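**Q** Submitted below is the structure of interest, expressed as structure tokens.
The values are calculated or read from the model by the stated rules, or taken from the named source; none is laboratory data. Fair warning: this is a prediction, and the values are worked out from it, not measured in the lab. Don't worry about glycine lacking a Cβ; one is built from the backbone with ideal geometry, like all the others, and counts go over all protein chains shown. Please note that ligands, DNA and RNA were not included when accessible areas were found on the heavy atoms of the full protein model with its side chains. Shrake-Rupley method; radii C 1.70, N 1.55, O 1.52, S 1.80 Å.
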Amino acid sequence: MAANAPLARTRNPISAWTAVAAATAVLVFVPILVIVFTASADTGDLWGHVLVNVLPQSAWNTGVLLLGTGIIATLVGTGAAWIVSAYEFKGRGVLEWALLLPLAVPTYIMAYAYLDILNPLGPVQGTIRWVLGYSSPRQFRLPDIRSMWGAILVFGFVLYPYVYLTTRAMFLTQAANLVEVSRTLGVSRNMVFWRVALPLARPAIAVGVALTLMEVLNDVGASQFLGVRTLTASVYTTWIVRTDLAGAAQIATAMLTLVLLLLVLERWARRNQRYASNAQRARPMPAQKLRGWQAVLALCLGLTPILIGFAGPAIYLISSAIKRLDFAGFSPSLLRATVNTVTISSLATVLILSLGFAVAYAARVRSGPVTQGFSRIATLGYAVPGTVLAIGILVPVAAFDRTLDGFLRANFGLSSGLLLLGSGAALLYAYSARFLAISTGGIEAGLSRIPLSYDHAARTLGHSASGTLLRVHLPLSRTALIAAALLVFVDCMKELPATLLLRPLNFETLATLLYGEAARGTYEDASLAAILLVAIGILPVILLARTGRPRKP
């Protein structure tokens, strides 16, 4: 039997794995359909009001924010990736992993921190006035960070690692012979970046920028803190403040259109940009050794985004947390929020990992267009902002709760109340739909490294399909499962938009607690929650740093 021949199929046309994958794909796709149908309902003059008074300003703000963030993330991420890939200098090894640290800081924590750091009465402006000889904010003050430029800087310096990760991986896999051939053709070493490395890295840059812009679209906390009314913030205020679900769905439809446009642009940017190379045998591009002021300059350039995107906010959060602990200790509300966060994130991780494994395993044991289609649909949720997804989940879940409660009242005299919304099941649904792509992608990558010949050997030795799963696939994909679980757990802990909209009454997580305290202006009370989220967020950064480190020959 050929090593890569398809696995023997069972007689049933649809296996249990395929059925679970199909059900998972349906559950992910339902919220998207609900948003479209809700937005298309007849709302009288409501759509005209949204179209005239809400969408133009929100769409303009969102477009400017996406453009500015994309430019900063591209410049910083690509520049940092080139510095640590093309040059050798003291501190380069630290920069390679430290440049990932801003990924540990959610955008809303970054905005919350810099609002206090750059406050007119804060430490930065106070120090500047002292140096310049001024004594009052009336005499000198920096421009207010609650502005578009402030939002662009915050998003750009938090999200640039998405571009850094993908671009650095591309730079590291570029073969040395390409550089040598370009030098032979008269390209100077300084122009190698512009003429060779950058064109080859365009697909990776496009992927990183697309991920960055999707994260911007998903944000609701940072944009509100910084006074920028984006489409996401408009969805939230239209739904929560104005209790206008139909209007929120119509704005959400516009956001879905924007997400689709981003995906199309990402594909377009990568058109005809596939390059063949033997990554295993190719000699990597040699790093140029820097000394003296050039080495110092490279180190300073690499440290700047780390200082702005991680070190500055982290120092502020630690200082504020210590002050809060000295003053009031660890409050009961923070303890409850921590327990709630760990509990709901753990439950969501188990559910997402199980569904992700089912989708990935179905694509392996019954490979074909059907299972591949289920896999693609199941991962659509990651491209949908959490606020938009929450609207699509609320409508069917609330309808189910009402129907069940009415049935029980009519037939048994009992009331189930808000069973799914009140128990947190709706929140688990949102987490699953949103982050299923992470587990499915990670597990698919792990399973792809297991040759199909192992499956054939296990079946030849008498193991059933279940035995092969337990004795071969699970042990060999354990690393991929653990990595996926860690990434999913941390993303669930940090998720703010969906949690704000679908959490049960009086249910606080660390993210919602921080959001509420920051909205009230009690920054020190929120610092403990923020430092806990950042500390936990460092875990996947360590994982990425370990997996992204090139192996020594």
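**Q** Listed residues A348, A321; which is within 30 Å of S477 (Cβ to Cβ), touching a residue at least 60 places away in the same chain (Cβ under 8 Å) and open to solvent by less than 70 Å² (accessible area, probe 1.4 Å)?
**A** None of the others qualify; the one that does is A348.
**Q** Hey, another quick one. Please list, ordered by first then second residue, the pairs with beta carbon atoms under 6 Å, 6 or more apart or interchain, first in the stretch 427-438 and under 17 Å from L500 (Cα atoms), second acidic (D, E) and open to solvent by 10 Å² or more (accessible area, probe 1.4 Å).
**A** Every condition considered, the pairs that remain are F435/D491.
**Q** Here is a follow-up. What single numbered condition from (1) in contact (Cβ under 8 Å) with a residue 24 or more places away in the chain; (2) closer than 24 Å to A398 by Cβ; (3) not in a helix (DSSP H, G or I) fails to hold for N506?
**A** Among (1) in contact (Cβ under 8 Å) with a residue 24 or more places away in the chain; (2) closer than 24 Å to A398 by Cβ; (3) not in a helix (DSSP H, G or I), N506 violates only (1).
**Q** Within the stretch 81-113, count every residue that is open to solvent by 30 Å² or more (accessible area, probe 1.4 Å) and β-branched (V, I, T).
**A** Number satisfying all stated conditions: 1.
**Q** Run down V179, V235, V196, V207 and say which single residue is at pLDDT below 70 and not in a loop (DSSP other than H, G, I, E, B).
**A** Matching residue, one of V179, V235, V196, V207: V179.
**Q** Within the stretch 424-440, is even one residue in a loop (DSSP other than H, G, I, E, B), open to solvent by less than 50 Å² (accessible area, probe 1.4 Å) and touching a helix residue (DSSP H, G or I) at 6+ places or on another chain (Cβ under 8 Å)?
**A** Checked against the condition, which is being in a loop (DSSP other than H, G, I, E, B), open to solvent by less than 50 Å² (accessible area, probe 1.4 Å) and touching a helix residue (DSSP H, G or I) at 6+ places or on another chain (Cβ under 8 Å), the stretch 424-440 yields at least one hit.
**Q** Quick check: is even one residue across the stretch 444-466 open to solvent by 50 Å² or more (accessible area, probe 1.4 Å), touching a residue at least 12 places away in the same chain (Cβ under 8 Å) and under 25 Å from A104 (Cβ atoms)?
**A** no
**Q** For the stretch 363-423, which fully contained helices (runs of 4 or more DSSP H) count at least 1 residues that are touching a Ser or Thr at 6+ places or on another chain (Cβ under 7 Å) and within 26 Å of A39 (Cα to Cα)?
**A** In the stretch 363-423, 369-378, 386-412 are the helices (runs of 4 or more DSSP H) which contain 1 or more residues that are touching a Ser or Thr at 6+ places or on another chain (Cβ under 7 Å) and within 26 Å of A39 (Cα to Cα).
**Q** Within the stretch 206-227, how many residues turn out to be closer than 15 Å to V158 by Cα, open to solvent by 30 Å² or more (accessible area, probe 1.4 Å) and among the polar types (S, T, N, Q)?
**A** Looking only at that region, the number is 0.
**Q** May I ask you to list the residues in the stretch 490-517 that are among the aromatic types (F, W, Y) and buried (at least 22 other Cβ atoms within 10 Å of the Cβ)?
**A** Listed by number, the list holds a single entry, Y515.
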